[in-house]
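Structure first, then comments.
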Amino acid sequence: MWQGFDYPTMLLGIVIFFARVADVSMGTMRTLSIVQGRTKIAFLLGFLEVSMWLVIISTVIHSIAQKPILGVFYALGFSTGNVVGIILEKRIAFGHIILRIISTKSGKEIAEKIRKSGHAVTTFQGEGLSGPVTMLYVVCLRKEQNEVVQVVKSIEPDAFYTVDMAGMVSKIYRPFCPQQPAGWRAILKKK
């Protein structure tokens, strides 16, 4: 068998691959935590990331001369870790966003429906290329972005909107929306 393709080497390569995926994914999450000012999470992820990286890199450097295939596993783990980190970050969706909507037709209706869905909206009147427009500003959690955009599209599909990350938010105002209790609260309510 060609040097470097024995069973223990392949098993070590697979371990290196998955460990590298984990440590690079943590690095992606750590970087985003730093940008958003989440110091405790950034500290913890940084510690875990570097601890894993030290073990992985020392294993690869110690063995790469005899088993060059480990370098391929290392590189594949790095590349895959970037993709996995981005996917994880999108699913977790830390932080807040600022959604700016420009409506040419239904600004008032959009604002009312967004408020009914439990989000605060600030509106301004403005002038666009072809006449008056209503500008709507919504600050919400990133994981609520699609919900708010769907409300906008359901009323005015061609409304223009932009989404920006909000670095720091003092408070998110929530209009009162009577909702049915969910989860464990619903169980307790029945008794």
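Read-outs throughout are calculated quantities, based only on the coordinates presented, and are distinct from any laboratory measurement. The structure displayed is predicted, hence computed values, not measured ones. Every residue, glycine among them, receives a Cβ derived from its backbone with ideal geometry; neighbour counts consider all protein chains shown.
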message: Give the residue list of chymotrypsin sites (Phe, Trp or Tyr not before Pro) in region 1-99 that are DSSP loop and have at most 13 other beta-carbon atoms within 10 angstrom.
response: TRP2, PHE5
Among GLU127, GLU144, GLU49: highest mean-square fluctuation, GNM of the chain, C-alpha pairs under 10 Å: GLU127
task: Working from Cα positions, state the angle (0 to 90°, nearest 10) between the long axis of helix 69-92 and the longest principal axis of the chain.
output: 20
field: Which of ILE69, ILE98, ILE14, ILE110 has the fewest Cβ neighbours within 10 Å, and the rest in rising order
entry: ILE14, ILE98, ILE69, ILE110
Likely footprinting exposure, SER33, SER117, fewest C-beta neighbours within 10 Å first: SER117, SER33
statement: Between the modelled labels at LEU11 and LEU88 (7 Å from Cα along Cα→Cβ) the distance in nm is 2.6
field: Contour minus Cα-Cα distance for ALA75 and GLU112 (0.36 nm per residue)
entry: 8.2 nm
- request: Per residue, how big is the convex hull around the C-alpha atoms of the chain? Give it to me in cubic angstrom, could you?
  value: 211
- request: Could you pull the Rg and Dmax for region 7-92, using just the Cα atoms, both in Å?
  value: 13.8, 45
- prompt: Zone of PHE160 (label point 7 Å along Cα→Cβ, backbone N under 14 Å): which residues in region 107-139?
  reply: 126-136
- request: Under 17 Å from a label point 7 Å along Cα→Cβ of THR122: give me every residue in region 78-106 with its amide N that close.
  value: 96-103
- prompt: Within a Cβ distance under 11 Å of PHE73, other residues only, what is the Lys/Arg minus Asp/Glu net charge?
  reply: +2
task: Sort LYS153, LYS90, LYS67 so the one with the fewest other Cβ atoms within 10 Å of its own Cβ comes first.
output: LYS90, LYS153, LYS67
task: Quick one: angle between helix 7-35 and the longest Cα principal axis of the chain, in degrees between 0 and 90, rounded to 10, please.
output: 30
